[in-house]
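> Sharing a structure here in structure tokens format.
The values are calculated or read from the model by the stated rules, or taken from the named source; none is laboratory data. What you are looking at is a predicted structure, and each value in this text was computed from that prediction instead of being measured. We place every Cβ from the backbone using ideal geometry, glycine too, and count neighbours over all the protein chains shown. Only protein heavy atoms, including side chains, enter the accessible area calculation; ligands, DNA and RNA are left aside. Shrake-Rupley method; radii C 1.70, N 1.55, O 1.52, S 1.80 Å.
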Amino acid sequence: MNKNSAPDKDFSEVCNLSNSINKIVVSRGNPLAKLMIIGEAPGAKEEELGEPFVGRSGKLLDKLLQNVGIDINQDVYFCNVVKCRPPQNRRPTKAEIQENLPWLYQQIKLVNPRVIVLVGATALEAILKIKSRISILRGKWIDWEDRLVMPVFHPSYLLRNPSKEEGKPMSLTKSDFLKIKEKIDFL
Ligand code: URA
């Protein structure tokens with residue numbers, strides 16, 4: 001797949017999930033932002049409102065960003081690998097990810113972020129093409145296509161593991177977001 005060329009088919013022709021949903025969820029935030037956050041796929045609230053990360057996970061993600069001084073309207077562009085909600089919020093299949101990738105690549109090309117944060121394993125695998133535990137790669141800067149990429153825990157995982165103790169996912173993620181803030185201020 002050529003990452004630069006625009007998709008030559010209509011989205012609804014390619015994405016099978018688009019037959020079973022009410023709204024395609026494309027983005028939220030600033031298309032001129034230096035920071036792009038890529039999640040997995042919309043959930044029920046995201047489909048209802050037509051924006052990514054507006055449900056419980058999204059609220060936590062917003063809070064983590066705001067806590068380190070990142071302006072969620074100005075400094076970030078939010079999107080997902082898959083633009084349609086999978087039935088029962090199941091993980092998107094490999095085929096569904098493949099079908100959606102040309103549109104994600106176009107978003108990356110057009111927004112042209114310096115920094116990309118990959119939220120959860122689906123985004124990590126879709127972009128970096130590696131199967132690895134988030135706990136191994138989280139918080140690390142990785143060079144990808146002339147951009148800096150950092151995987152972080154998915155906020156839905158943090159909601160299930162809310163302990164604020166040092167060394168636990170929540171406090172590790174807070175330090176990851178501090179690194180991200182420092183990086184976007186520096187670039
Ligand atoms: N989880 C995601 O990965 N993306 C969303 O938009 C919402 C929840």
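Conditions (1) touching a Cys at 6+ places or on another chain (Cβ under 6 Å); (2) more than 10 Å from the ligand (Cβ to nearest atom); (3) not hydrophobic (A, V, I, L, M, F, W, C), marked per residue:
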| position | (1), (2), (3) |
| --- | --- |
| Lys9 | no, yes, yes |
| Ser57 | no, no, yes |
| Ile70 | no, yes, no |
| Asn73 | no, yes, yes |
| Tyr77 | no, yes, yes |
| Ala95 | no, yes, no |
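> Any residue at all in the stretch 145-153 that's loosely packed, with under 15 Cβ neighbours inside 10 Å, in a helix (DSSP H, G or I) and modelled with pLDDT of 95 or more? Quick ask: steps written out before the conclusion?
We begin by selecting, within the stretch 145-153, every residue loosely packed, with under 15 Cβ neighbours inside 10 Å; these are 145-146.
Remaining after also requiring in a helix (DSSP H, G or I): none.
Looking for residues that are loosely packed, with under 15 Cβ neighbours inside 10 Å, in a helix (DSSP H, G or I) and modelled with pLDDT of 95 or more, one finds none in the stretch 145-153, hence no.
> Can I ask one more? Here's a check for you: in the stretch 55-87, which residue that is basic (Lys, Arg) and surrounded by fewer than 18 Cβ atoms within 10 Å (Cβ to Cβ) is farthest from Asn22 (Cα to Cα)? Full working, then the answer.
Kept after step one, since they are basic (Lys, Arg), are these residues of the stretch 55-87: 56, 59, 63, 83, 85.
In the following step, the residues that additionally are surrounded by fewer than 18 Cβ atoms within 10 Å (Cβ to Cβ) were identified as 56, 59, 63.
Working: Arg56: 20, Lys59: 22, Lys63: 28 Å.
The residue in question is Lys63.
> Pairs please, first residue from the stretch 145-165 and under 18 Å from Phe186 (Cβ atoms), second anywhere and modelled with pLDDT of 95 or more and open to solvent by 20 Å² or more (accessible area, probe 1.4 Å), Cβ atoms under 6 Å, 6+ apart in sequence or on different chains.
Close Cβ pairs (under 6 Å, with a partner that is modelled with pLDDT of 95 or more and open to solvent by 20 Å² or more (accessible area, probe 1.4 Å)) amount to Leu148/Trp141; Val149/Ile142; Met150/Trp141.
> Identify, by number, the condition in (1) more than 23 Å from Lys45 (Cα to Cα); (2) without any contact (Cβ under 8 Å) to a residue 40 or more places away in the chain that Leu110 doesn't meet.
Condition not satisfied by Leu110: (2).
> Just the residues that are in a helix (DSSP H, G or I), buried (at least 19 other Cβ atoms within 10 Å of the Cβ) and more than 15 Å from the ligand (Cβ to nearest atom), please, taken from the stretch 103-120.
Tyr105, Ile108, Val111
> Taking Glu51, is it closer than 29 Å to Ser5 by Cα, of a type in the set (D, E, K, R), within 14 Å of the ligand (Cβ to nearest atom) and open to solvent by 10 Å² or more (accessible area, probe 1.4 Å)?
On the way: closer than 29 Å to Ser5 by Cα: yes; of a type in the set (D, E, K, R): yes; within 14 Å of the ligand (Cβ to nearest atom): yes; open to solvent by 10 Å² or more (accessible area, probe 1.4 Å): yes.
For Glu51, the condition - closer than 29 Å to Ser5 by Cα, of a type in the set (D, E, K, R), within 14 Å of the ligand (Cβ to nearest atom) and open to solvent by 10 Å² or more (accessible area, probe 1.4 Å) - is met.
> Evaluate the stretch 118-132: report whether one residue or more is under 22 Å from Leu178 (Cα atoms) and over 14 Å from the mean Cα position of the chain (by Cα).
No.
> Within the stretch 160-175, can you find the residues that are part of a loop (DSSP other than H, G, I, E, B) and at negative phi?
Step one: filter the stretch 160-175 for residues part of a loop (DSSP other than H, G, I, E, B), giving 161-168.
Residues satisfying the conditions are Asn161, Pro162, Ser163, Lys164, Glu165, Glu166, Lys168.
> If you check Ala33, Ala44, which single one turns out to be near the ligand (Cβ under 10 Å from one of its atoms) and in contact with a helix residue (DSSP H, G or I) (Cβ under 9 Å, 6 or more places away or on another chain)?
Numbers: Ala33 fails: near the ligand (Cβ under 10 Å from one of its atoms).
Exactly one residue qualifies, and that residue is Ala44.
> I'm told Ile136 meets every condition in (1) closer than 30 Å to Ser5 by Cα; (2) open to solvent by 20 Å² or more (accessible area, probe 1.4 Å); (3) in a helix (DSSP H, G or I) except one. Can you identify the failing condition by its number?
(1)
Table: residues versus (1) out of contact with any helix residue (DSSP H, G or I) (no Cβ under 7 Å at 6 or more places or on another chain); (2) at pLDDT below 95; (3) of a type outside the set (A, V, I, L, M, F, W, C).
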position: Gly50; (1), (2), (3): yes, no, yes
position: Cys79; (1), (2), (3): no, no, no
position: Arg85; (1), (2), (3): no, no, yes
position: Arg90; (1), (2), (3): yes, no, yes
position: Pro113; (1), (2), (3): yes, no, yes
